[in-house]
Amino acid sequence: STTLAAIIDKINTERREHILTIEDPIEYIHQHKGCLVNQREVHSDTHGFAAALRAALREDPDIVLIGELRDLETIESALRIAETGHLTFATLHTNSAAQTINRIIDVFPAHQQGQIRTQLSLVLEGIVCQTLLPKADGTGRVMSLEIMVPNPAIRNLIRDDKVHQIYSTMQTGQEKLGMQTMNQSLATLYHRRMITLEAAMNASSMKDELEQMIARGSGVVPGAGMNRPGMPPRPAAR
């Protein structure tokens, strides 16, 4: 919710658009800056996400924020809004980009999933998965994140029901598209001495791969220093 609020605030500051948010509850109040911002709270201003989305197009928004994709009807409405040219943001409780795609598709009956794969492959603009980890120095938390930006290859994999192959495409998409897997992010944070090895391993769903990346010193975001100035090199994990 904090990330989405920051995105909406940036758009509100830099652009001239009509933004409609549907939230449960509203956590951040957005003042009108460059944009007209209408915020709707579920159960106060509308009966539910799906009902609010059905009415959304009548308000002629440019940007729609959906607090959470909770059910088939909400996901179906969100896809329809995105398909009609509206920039759409939403949240979903998943651990990876591939899991996010599968969660959206699997909500639908089997006979609809082929159509949904095609629809999603056309409208999807990006997936960001986030987790907060305790800092190694105990001063707070730091974010680790997985980023997927669909390129033609990824769109084809979604459409052809080969979502399991997206991970390898993301691993090689750092420099050109800014993509990274969660393990690449964790390895970077570890080598920057921002998190402990224990925290990194606890946050990873592919621990063997992460351990190998750390041992090899690989997975670091290009251009990122392995250590902060004046600090000794980080020893490889054993």
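The values are calculated or read from the model by the stated rules, or taken from the named source; none is laboratory data. Keep in mind that this is a model prediction, so the values were computed, not measured. FYI the Cβ positions are ideal-geometry reconstructions off the backbone, even for glycines, and counts take in every protein chain you see.
Listing for the model above:
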quantity	calculated
Hey, MET170 closer than 21 Å to ASN102 by Cβ and either among the polar types (S, T, N, Q) or modelled with pLDDT under 95 (or both) or not	yes
Every residue from the range 145-172 that is of a type outside the set (Val, Ile, Thr) and under 15 Å from GLU125 (Cα atoms)	GLU146, MET148, PRO150, ASN151, PRO152, ALA153, ARG155, ASN156, LEU157, ARG159, MET170
ILE8 of a type outside the set (Lys, Arg), touching a residue at least 24 places away in the same chain (Cβ under 8 Å), in contact with a Phe, Trp or Tyr (Cβ under 7 Å, 6 or more places away or on another chain) and not in a loop (DSSP other than H, G, I, E, B)	no
Criterion: over 21 Å from GLN165 (Cβ atoms), among the acidic types (Asp, Glu) and in a helix (DSSP H, G or I) - qualifying residue of GLU73, GLU41, GLU68	GLU73
Counted residues, the range 77-106 - those being within 17 Å of THR21 (Cα to Cα), in a helix (DSSP H, G or I) and small (Gly, Ala, Ser)	3
Residue that is surrounded by the most Cβ atoms within 10 Å (Cβ to Cβ) [pool: residues in the range 202-216 that are touching a helix residue (DSSP H, G or I) at 6+ places or on another chain (Cβ under 9 Å) and polar (S, T, N, Q)]	SER204
LEU79 vs. criteria over 23 Å from VAL149 (Cβ atoms) and either under 21 Å from the mean Cα position of the chain (by Cα) or hydrophobic (A, V, I, L, M, F, W, C) (or both)	no
Residues of the range 41-90 satisfying the condition of being β-branched (Val, Ile, Thr) and surrounded by 17 or more Cβ atoms within 10 Å (Cβ to Cβ)	VAL42, THR46, ILE63, VAL64, ILE66, THR74, ILE75, ILE81, THR88
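For every residue, the table says whether it meets (1) of a type in the set (Phe, Trp, Tyr); (2) crowded, with 18+ Cβ neighbours inside 10 Å; (3) within 18 Å of the chain's Cα centre (by Cα).
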site	(1), (2), (3)
LEU132	no, no, yes
MET148	no, yes, yes
PRO152	no, no, no
ASP160	no, no, no
ALA187	no, yes, no
ALA200	no, yes, no
